[in-house]
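These notes concern the structure reproduced below.
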Amino acid sequence: MLENPKRILILRLGSIGDIVHTLPALRTLRFSFPTAFIAWAVEEKLADLLYGNDDLDEVIIIATKRWRKDLSLSSISEIFGTIRILRDKSFDLVLDFQGLIKSGLVSFLSGAKTRVGFSREDCREKGNTLFTNFKAKPFSKTSHVVDKNLSLLKMFQIKKQIIEFPLRSSTKAMANVDKFCKNNADFFKIPVAAINPGVGFPTKQWSLERFAKIADQVFRELNLNILLTWGPGEKDKVKKISSQMKEDCLIAPATTILESISLYQKLDLFISGDTGPLHICAALGIPTVSIFGPTNPERNGAYGYNHTTIFKKLPCSFCYKKKSLLNLQQKLCQFFL
């Protein structure tokens, strides 16, 4: 095992929440190895989460999702070009925080002699362990993912863990958000709570009708204006919530990742299910309330303080399935309202 790595590659290709939850490991690496060259391989649509990160020397795009959708001579050429980029960096250490076969393959193709990953028990896809030659000890299934990621560093000379989540926005993104706020100046004169109904897969989805009721309740009881935020393919959800609300609300415009970071910094409260924006807000220090279903809030919830999770454990809880015969969200509705 390397005691003082010089060139380090981090593998955490996606998703939003998973990338956010790996930021403390990056900050700890930078603190522990201040002169090392550190790069991060990430899916191209999520690279903005690493924008302006002072802990990184380089961001390497791994466009696996696009390559799978369009496997052509052009994409094959791009794949080999990416492999050459990885090889040319001469990494001596790869840390695979993903635990998938695809991340394991990237780890192996990098040419690094030291490839560190999770134990077989902690990998989402067991085949990942075929590509790593050093494994972390098995980690508690109920401990948070942030702590699990940090555990991958325990085999190095790490003297201090840095639990910080640096996220930055661009000047252009901040200007676009400031323009939106200026055009709605009266709305933002009052503290704002955002409702975000979007989720990554169906079993996480809470009833839109319940979101509307919660929005009205927050408006009346907490005297907070309601902003409905949304991501790609989710605008119909916030339109439906707005139509079912009795109180006034404002629907946010479409935003990029960098614009979302800027917009969330204007909030006083964020309410959602288990979704990427929840973890961005938690990283920014925005108070959150989240509604969980098939995923474990102890493991996947908002990290840190000033966050509240609504959850009722059922026999099928923590299945992490994208489809389920049991309607977890209806059960949660009965519990929460």
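Can you tell me which residue among 201, 270, 211 is open to solvent by 20 Å² or more (accessible area, probe 1.4 Å) and of a type in the set (A, V, I, L, M, F, W, C)?
201
Please go through the range 266-291 and pick out each residue that is assigned to a loop (DSSP other than H, G, I, E, B) and without any contact (Cβ under 8 Å) to a residue 60 or more places away in the chain.
285, 286, 287
Quick one: in the range 206-226, of everything that is assigned to a loop (DSSP other than H, G, I, E, B) and touching a strand residue (DSSP E or B) at 6+ places or on another chain (Cβ under 7 Å), which residue is farthest from residue 294 (Cα to Cα)? Walk me through it before giving the result.
Applying the first criterion (assigned to a loop (DSSP other than H, G, I, E, B)) to the range 206-226 yields 206-207, 223-224.
In the following step, the residues that additionally are touching a strand residue (DSSP E or B) at 6+ places or on another chain (Cβ under 7 Å) were identified as 206, 224.
Working: 206: 11, 224: 30 Å.
Here the answer is 224.
Taking the options 130, 105, 152, name whichever one is under 27 Å from residue 33 (Cα atoms) and without any contact (Cβ under 8 Å) to a residue 60 or more places away in the chain. Even if it seems obvious, please write down each step before you answer.
Numbers: 130 fails: under 27 Å from residue 33 (Cα atoms); 152 fails: without any contact (Cβ under 8 Å) to a residue 60 or more places away in the chain.
Among 130, 105, 152, only 105 is under 27 Å from residue 33 (Cα atoms) and without any contact (Cβ under 8 Å) to a residue 60 or more places away in the chain.
List the number of the failed condition for residue 194; all other conditions in (1) farther than 19 Å from residue 20 by Cα; (2) open to solvent by 40 Å² or more (accessible area, probe 1.4 Å); (3) touching a Leu at 6+ places or on another chain (Cβ under 6 Å) hold.
Unmet for residue 194, out of (1) farther than 19 Å from residue 20 by Cα; (2) open to solvent by 40 Å² or more (accessible area, probe 1.4 Å); (3) touching a Leu at 6+ places or on another chain (Cβ under 6 Å): (2).
Answer with yes or no whether residue 135 is in contact with a Ser or Thr (Cβ under 6 Å, 6 or more places away or on another chain), open to solvent by 80 Å² or more (accessible area, probe 1.4 Å) and of a type outside the set (A, V, I, L, M, F, W, C).
Against the criterion (in contact with a Ser or Thr (Cβ under 6 Å, 6 or more places away or on another chain), open to solvent by 80 Å² or more (accessible area, probe 1.4 Å) and of a type outside the set (A, V, I, L, M, F, W, C)), residue 135 qualifies.
What do you reckon, is residue 232 free of Cβ contacts under 8 Å to residues at least 24 places away in the same chain, in a loop (DSSP other than H, G, I, E, B) and in contact with an Asp or Glu (Cβ under 7 Å, 6 or more places away or on another chain)?
no
Can you find a residue in the range 233-249 that is surrounded by fewer than 21 Cβ atoms within 10 Å (Cβ to Cβ) and closer than 20 Å to residue 173 by Cβ?
Within the range 233-249 (the criterion being surrounded by fewer than 21 Cβ atoms within 10 Å (Cβ to Cβ) and closer than 20 Å to residue 173 by Cβ), the answer is yes, since at least one residue qualifies.
Given the criterion under 28 Å from residue 53 (Cβ atoms) and charged (D, E, K, R), identify the matching residue among 120, 124.
Sole residue among the options that is under 28 Å from residue 53 (Cβ atoms) and charged (D, E, K, R): 124.
When you go through 26, 50, 93 one by one, which is the residue that is in contact (Cβ under 8 Å) with a residue 40 or more places away in the chain and open to solvent by less than 10 Å² (accessible area, probe 1.4 Å)?
Exactly one residue qualifies, and that residue is 93.
For the range 8-17, give me the residue count where each residue is open to solvent by 10 Å² or more (accessible area, probe 1.4 Å) and aliphatic (A, V, I, L, M).
Matching residues across the range 8-17 total 1.
Residues checked against (1) touching a Pro at 6+ places or on another chain (Cβ under 9 Å); (2) surrounded by 15 or more Cβ atoms within 10 Å (Cβ to Cβ); (3) modelled with pLDDT of 95 or more:
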| residue | (1), (2), (3) |
| --- | --- |
| 280 | no, yes, yes |
| 286 | no, yes, yes |
| 304 | no, no, no |
| 323 | yes, no, no |
| 328 | yes, yes, no |
| 333 | no, yes, no |
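Consider residue 20 carefully, then state whether it is touching a residue at least 40 places away in the same chain (Cβ under 8 Å) and open to solvent by less than 10 Å² (accessible area, probe 1.4 Å).
It is true that residue 20 is touching a residue at least 40 places away in the same chain (Cβ under 8 Å) and open to solvent by less than 10 Å² (accessible area, probe 1.4 Å).
Find all pairs meeting these conditions: Cβ atoms under 9 angstrom apart; at least six residues apart or on different chains; first residue within the range 179-204 and without any contact (Cβ under 8 Å) to a residue 12 or more places away in the chain; second residue in a helix (DSSP H, G or I) and open to solvent by 40 Å² or more (accessible area, probe 1.4 Å).
Close Cβ pairs satisfying both conditions: 182/188.
Which residues, counting only those in the range 138-158, are open to solvent by 20 Å² or more (accessible area, probe 1.4 Å) and within 17 Å of residue 299 (Cα to Cα)?
Within the range 138-158, 138, 139, 140, 141, 142, 143, 147, 148 meet the criteria.
Inside the range 63-90, can you point out the residues that are closer than 18 Å to residue 19 by Cβ and buried (at least 16 other Cβ atoms within 10 Å of the Cβ)? Quick ask: steps written out before the conclusion?
Going through the range 63-90, the residues closer than 18 Å to residue 19 by Cβ turn out to be 63-66.
Passing the criteria: 63, 64.
Could you look through the range 159-183, keep only residues that are assigned to a loop (DSSP other than H, G, I, E, B) and either hydroxyl-bearing (Ser, Thr, Tyr) or open to solvent by less than 40 Å² (accessible area, probe 1.4 Å) (or both), and pick out the one that is farthest from residue 222 (Cα to Cα)?
Going through the qualifying residues, I end up with 162.
The values are calculated or read from the model by the stated rules, or taken from the named source; none is laboratory data. Predicted model, so just to flag it, every value in this text is computed and none were measured. Every residue, glycine as well, gets a Cβ built from its backbone with ideal geometry; the counts of neighbours run over all protein chains shown. The protein model used for the area step is the full one, side chains on, heavy atoms only, and it has no ligands, DNA or RNA in it. Shrake-Rupley method; radii C 1.70, N 1.55, O 1.52, S 1.80 Å.
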